[in-house]
1. Check whether at least one residue in segment 83-97 is more than 29 Å from residue 270 (Cα to Cα), out of contact with any Pro (no Cβ under 9 Å at 6 or more places or on another chain) and free of Cβ contacts under 8 Å to residues at least 24 places away in the same chain, and report yes or no.
2. From the list 170, 176, 166, exactly one residue is out of contact with any Leu (no Cβ under 7 Å at 6 or more places or on another chain), of a type in the set (A, V, I, L, M) and surrounded by fewer than 19 Cβ atoms within 10 Å (Cβ to Cβ). Which is it?
3. Are there any strands (runs of 3 or more DSSP E) wholly within segment 132-222 with 1 or more residues that are of a type in the set (Lys, Arg), and if so which?
4. When you go through 161, 102, 148 one by one, which is the residue that is farther than 15 Å from residue 195 by Cα and modelled with pLDDT of 95 or more?
5. Please pick out the residue among 108, 120 that is part of a loop (DSSP other than H, G, I, E, B), hydrophobic (A, V, I, L, M, F, W, C) and closer than 30 Å to residue 247 by Cβ.
6. If you go through segment 87-105, how many residues are assigned to a loop (DSSP other than H, G, I, E, B) and either touching a Ser or Thr at 6+ places or on another chain (Cβ under 8 Å) or closer than 30 Å to residue 169 by Cα (or both)?
7. Show the residue pairs meeting these rules: Cβ distance below 6 Å; 6+ apart or different chains; first residue within segment 205-222 and closer than 12 Å to residue 155 by Cβ and exposed (fewer than 14 other Cβ atoms within 10 Å of the Cβ); second residue at pLDDT below 90 and small (Gly, Ala, Ser).
Amino acid sequence: MNAFLYLLALLAALYGIVSAIMGAQEGLRRPRDVSSPPPPPRVEPGRAPFIEIEVGTKGSSTGTAFAITNDGWWLTARHVAHGCDAIWLQTGPRKGLRVQDVKLHPNADLALLRTKTGRAPLRLSNTTPGRGDDGYSLGYPQGRPGDVHARAIGQARMKSVGRYHINEPILAWAEIKRRPHDLPALGGLSGGPMIDGHGRVTGVLVASSKRRGRVMTTAQSTIRELLAQVPELRNKSSVGHHRLSSKNFTSRGKALRQTLTITKVICKVSKTHRRPRR
């Protein structure tokens, strides 16, 4: 009888061991279920949506800048000017203004450039665009002339990580149309102005999402903070330009590029100074 009970206990133990091994092997073979995407991040009531941007390794590149005074002060995006060994504002084929000084906003994707001479400036707006207001970003996407018509959606926050870390308020816009029609992406338009229908700058373009058809611009408070770093710019004022609309924004963009009020930024980075990719 004792031998029979001992045999039953031994068989039960062996069955448990075999079951555990088979279960473990089945678990290793079974792929993790990734067919259902994770739920979207929650937005707490009263808080703006949050966007995270990866700032990659810096290399030679192009962007956009625009004059805010007629004596050599320009605005652009921080990621356009940060990490460059030399910066030029293109004035013609193989011609340009050498940037003498760069002032970066400490916690926003915004930068001031200084050259010895300037061009006719754009006027900065004193009001924040409301939801549904039209805006027109003009500059050099993909290094060539191009323009975007967008419509304000609302305020958000943008966190940049990677080469530097910043956290700032921004304004999100829904892209309505782009010119030329076959423009594949907006890289190079960074630093360009977002101009309202009255010809006033309401922000600086700093990011875009092709998949969602969105563009993001700096907050006006951010622009004022950066201008406050330069005493001569604290009470800056300039003349306005012609009104913009969905019918004339491409012709106005062309005119502002021809007068070099809006210009292409050329950032040069020496190969020896580039950080290796990880």
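1. Among the residues of segment 83-97, not one is more than 29 Å from residue 270 (Cα to Cα), out of contact with any Pro (no Cβ under 9 Å at 6 or more places or on another chain) and free of Cβ contacts under 8 Å to residues at least 24 places away in the same chain, which makes the answer no.
2. Selected residue: 176, the only one of 170, 176, 166 that is out of contact with any Leu (no Cβ under 7 Å at 6 or more places or on another chain), of a type in the set (A, V, I, L, M) and surrounded by fewer than 19 Cβ atoms within 10 Å (Cβ to Cβ).
3. In segment 132-222, the matching strands (runs of 3 or more DSSP E) lie at 146-162, 166-179, 200-209, 214-218.
4. When all the criteria are applied, what remains is 102.
5. Being part of a loop (DSSP other than H, G, I, E, B), hydrophobic (A, V, I, L, M, F, W, C) and closer than 30 Å to residue 247 by Cβ holds for just one of 108, 120, which is 120.
6. 3
7. That search, which allows pairs on different chains as well, returns nothing.
Each row is one residue, and each column tells you yes or no for (1) of a type in the set (Ser, Thr, Tyr); (2) modelled with pLDDT of 95 or more; (3) closer than 18 Å to residue 220 by Cα.
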| position | (1), (2), (3) |
| --- | --- |
| 118 | no, no, no |
| 133 | no, yes, yes |
| 155 | no, no, yes |
| 167 | no, no, yes |
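The values are calculated or read from the model by the stated rules, or taken from the named source; none is laboratory data. As the structure is a computational prediction, the values presented were derived from the model and not from experiment. Because the Cβ atoms are built from the backbone with ideal geometry, glycine has one as well, and the counts that use them run over all protein chains shown.
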